[in-house]
Structures are given as structure tokens and as C-alpha cells.
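Engineer: Take this structure first; my questions come after.
Readers should treat all values here as calculations from the given coordinates under stated rules, not as data from a laboratory. Being a predicted model, the structure only gives us computed values, none of them experimental. Ideal geometry is used to build each Cβ from the backbone, glycine not excepted, and the neighbour counts take in all protein chains shown.
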Amino acid sequence: MDLKMIAMTLCLVVLASDSTEGGISKCCVKTRKNIPKPVLMKVQTWYLQDGRGPCDIDALVIFAGAWKKPICADPSLENDLNRVRKMQQIRLGKAHGRVP
């Protein structure tokens, strides 16, 4: 191989690994359709995984409580999650004497 080909290959490898967090994507490979309400109440953060990128499926990636690994949920559960969060905010407002 000549030097140009080696340099070009090296550049492509660096670009590919940089765009996918070191070459390894952190993707959900399957989702759960039922997440218990107590778990939803402990959710700290979440995001939607897009199946059109490096990952194969759409998923709602949930980080809850003391769980170290994310929970891969069906994206349709985002409505349930938002409902639980809204109820928590209303309860918190009532506890502090605020009217929502």
C-alpha cells in the first residue's frame, strides 16, 4: 500500500470511531412494554433512542433510582412517564401550598 492509501484509511477509521463514541454504540436491542408505576416514579432522566441512526430500534431509555443500567422501554411509554411526572409536580405543589 502506498502512503496516501494508509493515511486515508487511518483518517476514515478515526472519523468512524469518533462519531460513535469510540466505535461502540450504546443501543437498546429490545424494549419492555410494561414498566411498573413505582419505577416510573423514580425516573431521573430519559431520552428517546432513534432507530434511524446507529441503533436498530426506537426506544425510550430510562435512568431510574439506583439502577446502574438504563431501562429500555417501548417509546409509547413516554406518555405514561410524562403523566406520572406531572402528577408528582402537582403533589409537590400542594405539599408546598402552591396551586398548579
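Engineer: Could you list which residues have their amide H under 5 Å from that of I57, counting only those 5 or more apart in sequence or on another chain, with H placed in the peptide plane?
Structural biologist: Under 5 Å from the amide H of I57: no residue qualifies.
Engineer: Sticking with this structure for a sec: Suppose each label sits 7 Å from its Cα in the direction of the beta carbon; what would the Q44-A66 distance come out to in nanometres?
Structural biologist: 1.3
Engineer: Show which lysines lie in cross-link reach of K68 when reach means a straight Cα distance below 28 angstrom and same-chain residues fewer than eight apart are skipped.
Structural biologist: K26, K30, K33, K37, K42, K86
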